[in-house]
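Here is the structure we will look at, set down as structure tokens.
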Amino acid sequence: MGMGIEIRNKLARRAAEEINHGMVVNLGIGMPSLVPNHLPKNITVMFHAENGITGMGPSPIKGEEDEYLCNAGGLPVTLNTGGSYCDSAAAFAMIRKGRVDITILGSLEVSEKGDLANWIVPGKKVPGMGGAMELAQKAKKVIVLMNHCDKHGNAKIVKECTLPLTSSRCVNLIITELGVFEVTSQGLVLTELFPPYDMNKVMKYTGCDFLVSDELRRITY
């Protein structure tokens, strides 16, 4: 199911709450690329892209894009003061060395155990896995930002992934238009709800069991 820009920005704003001053953060393509637009001005973060940028800023103003400056998805970005460029090999070395504090990725499916499937639908052409496998294994925290259901209305949070895995047991947090789930050793825990959705909706569109936090938050922005 599609998602309007207002809802996409709401999810990006929630993901931005996970970022602290001084972190190195990698952003996947799609919704994750909106996250820099929602950081408080007093937080300095080094956004990393595996095509060779560390220090990405917000999306450029329309008409002021630099055709030579883009993120890993090919979308135009800006560069903050202190940012730098490198080749892809050095960018991947930063990931594999464990220098990335958080990666925020999209996904096709996530299992209740935190398995991630985000790189291929069998039978369809894809450019490749990109940096997802390394990021999922080596980033200190993995956040998934995605639609709760696919375009056919099928749950994307499932008991077991049916699509080829990118990495197993790697996801820490899932943010969808319905709510926020933490992946714990006891299973998924619903910690937050996005109005106007309620518990019945979340249960209906989630493909596995989950616990509910005693301190369930209702996000109002």
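The values are calculated or read from the model by the stated rules, or taken from the named source; none is laboratory data. Fair warning: this is a prediction, and the values are worked out from it, not measured in the lab. As a convention, Cβ positions derive from the backbone with ideal geometry for all residues, glycine included, and neighbour counts pool all protein chains shown. Just the protein is used for accessible areas: all its heavy atoms, side chains included, with ligands, DNA and RNA removed. Shrake-Rupley method; radii C 1.70, N 1.55, O 1.52, S 1.80 Å.
Observations on the structure shown:
- The number of residues in segment 23-35 being surrounded by fewer than 22 Cβ atoms within 10 Å (Cβ to Cβ) and at pLDDT below 95 comes to 2.
- Scanning segment 114-140 for residues that are open to solvent by 60 Å² or more (accessible area, probe 1.4 Å), part of a loop (DSSP other than H, G, I, E, B) and farther than 20 Å from N71 by Cβ returns P122, G123, K124, K125, K140.
- Top-ranked residue of segment 79-96 - restricted to ones that are touching a strand residue (DSSP E or B) at 6+ places or on another chain (Cβ under 7 Å) and under 23 Å from I61 (Cβ atoms), ranked as least open to solvent (accessible area, probe 1.4 Å): G83
- The residue pairs whose first member lies in segment 41-67 and is in a loop (DSSP other than H, G, I, E, B), whose second member is open to solvent by less than 80 Å² (accessible area, probe 1.4 Å) and hydroxyl-bearing (S, T, Y), and whose beta carbons are closer than 7 Å, counting only pairs six or more residues apart or on different chains, are E50/S88; N51/S88; G52/S88; G57/T78; P58/T78; P60/T78.
- For segment 36-65, the set of residues classified as open to solvent by 70 Å² or more (accessible area, probe 1.4 Å), of a type in the set (D, E, K, R) and either closer than 24 Å to K97 by Cβ or in contact with a strand residue (DSSP E or B) (Cβ under 7 Å, 6 or more places away or on another chain) (or both) consists of E65 only.
- Set side by side, the residues D87, D115 differ, and just one is over 27 Å from A155 (Cβ atoms) and among the charged types (D, E, K, R), which is D87.
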